[in-house]
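See structure below.
The values are calculated or read from the model by the stated rules, or taken from the named source; none is laboratory data. Computed from a predicted structure; not experimentally measured. Here the Cβ is made from the backbone with ideal geometry for all residues, glycine too, and neighbour counts use every protein chain on show. Surface accessibility is based on the protein's heavy atoms, side chains included, excluding ligands, DNA and RNA. Shrake-Rupley method; radii C 1.70, N 1.55, O 1.52, S 1.80 Å.
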Amino acid sequence: MSGSRQLSASQSPRRAISRSPSRLSFQHSPSPLPASHEPFAAANDETPVQLDYKPQFTLRGHKKAVSDVKISPDGARIASCSADGTIKIWNAQTGQHEHTFEGHLAGVSVIAWSPDSRWIASGADDKVIRLWDVTMGKPHPYPFLGHSNYISSLAFSPKGNILASGSHDEAVFLWDVRAARRIRSLPAHSDPVGGVDFTHDGTLIVSCSSDGLIRIWDTSTGQCLRTIIHEDHAPVMSVKFSPNGKYVLAWTLDSSIRLWNYVEHPGRCVKTYQGHTNKKFGITGTFGTYSRYEAMYQTENDKYTEKPSALMVSGSEDGSLWIWDVGNKKILQTIENAHDGVVFAADAHHKARQVVSGGADGLVKVWKHNIQTADRRQVFPKDDLDDEHQARMQDPTDDGSRMELDDAVVVKREDLQ
């Protein structure tokens, strides 16, 4: 098998290639408020942009490496899967264990929540995809069969009626969830598929592979609309559409995470995030949000509260957890020694201000943002802000210091042709 994820199923399903990791040294570089803007409460205090996620829970129970973790869309539960062949469900607010699902005959590599937070899908080294009813604590009666190699990635469509799967057999399958039936096969790549995802409206699918390619597909026809490749041709191990559908975020085995504008032909890399170590294993992460200043700008008659900005969280092979500002690429927080060994997966839920991580140490860790020590509230007279800052508040753009992800756009097929 040609691929970049070769490891025994008894180890982490996030398979490795034979490369020795090398740590890149980057220092936290806080981004201050504009120097001319003195906070109302404390003069000459520049208020660095930084986050303060601290340990909330450590969830124990897996007997081998944790390969994936996901917070449910409603924020109520956390799901984790492991090389021990199990999927576990935890209460996100209390950390209490709720269910353990067993049925796979090998290590479980990937999980995905349905949009209604009722079902969890799991993919494993036994080449089988299974569905589990989390509310009832029961399995779906029919497994999803068809892949001829390890399952490496899963994603539900926004309506929850289609499940996309990627595999080491180099194909992407689309499944009718209710019937557990394959409805389309995409001959996607020439090496194992690392990741799949849907846009917010379900019309497009993105896939990636250790062949170095990122491909955009039309969900309804299966047509490949765009192929993206970086000049370094690094293996791509995971991909995720931005919530607004404008970009694709890609994790590559050169210790880089790249944000691509896939609409521009042939695809343009607009941001590159570095600092973590990723040269050997498939590592995943996600988007989230935070408030840059937790600030309120006001005049005598009106008030303006700054919208949340986009963040991105990722694991690292050196056991650390990394959080970047998506727009300006600054490191918002690095949690050293988050796990003993590789941090394979990280997920975030902006409403709960939680980040969850899973690692080679078999632990699931939940991190809670401590707003009291990080985002200090400041009040400014709006008239004291310079013209450039006021303009950014009124009309923020993607290539400024902030990148918003909540203004959804619809990318049509003709936009990619």
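In the set (1) over 14 Å from the mean Cα position of the chain (by Cα); (2) open to solvent by 10 Å² or more (accessible area, probe 1.4 Å); (3) at pLDDT 95 or above, Pro308 fails one condition alone, (3).
Within the range 334-356, the set of residues being open to solvent by 20 Å² or more (accessible area, probe 1.4 Å) and of a type in the set (S, T, N, Q) comprises Thr334, Asn337. Tell me, please, whether a residue that is under 30 Å from Lys330 (Cβ atoms) and touching a Ser or Thr at 6+ places or on another chain (Cβ under 8 Å) can be found in the range 180-195. Yes, some residue in the range 180-195 is under 30 Å from Lys330 (Cβ atoms) and touching a Ser or Thr at 6+ places or on another chain (Cβ under 8 Å).
Which residues, taken from the range 91-117, are open to solvent by less than 10 Å² (accessible area, probe 1.4 Å) and closer than 13 Å to Lys365 by Cα? Residue satisfying the conditions is Ala92 alone. Only residues that are closer than 13 Å to Asp325 by Cα and of a type in the set (A, V, I, L, M, F, W, C) were counted across the range 259-277, and they come to 1. Among the residues of the range 292-303 satisfying the criterion of being in contact with a Ser or Thr (Cβ under 7 Å, 6 or more places away or on another chain) and either closer than 27 Å to Ile257 by Cα or not in a strand (DSSP E or B) (or both), which is modelled with the lowest pLDDT? Ranking the qualifying residues of the range 292-303, first place goes to Tyr293. Using the structure shown, decide if Leu163 is in contact (Cβ under 8 Å) with a residue 40 or more places away in the chain, crowded, with 20+ Cβ neighbours inside 10 Å and either out of contact with any helix residue (DSSP H, G or I) (no Cβ under 8 Å at 6 or more places or on another chain) or under 17 Å from Cys224 (Cα atoms) (or both). Criteria met by Leu163. Here Ile120 passes the criteria (1) modelled with pLDDT under 95; (2) open to solvent by less than 10 Å² (accessible area, probe 1.4 Å) except the one numbered (1). Summed over the range 223-234, the residues that are surrounded by 15 or more Cβ atoms within 10 Å (Cβ to Cβ), under 22 Å from the mean Cα position of the chain (by Cα) and not in a loop (DSSP other than H, G, I, E, B) give a count of 3. Screening Lys246 against (1) modelled with pLDDT of 95 or more; (2) more than 25 Å from Ala121 (Cα to Cα); (3) buried (at least 17 other Cβ atoms within 10 Å of the Cβ) leaves a single unmet condition, (1).
Scanning the range 180-222 for residues that are crowded, with 16+ Cβ neighbours inside 10 Å, of a type in the set (Ser, Thr, Tyr) and assigned to a strand (DSSP E or B) returns Ser207, Ser209.
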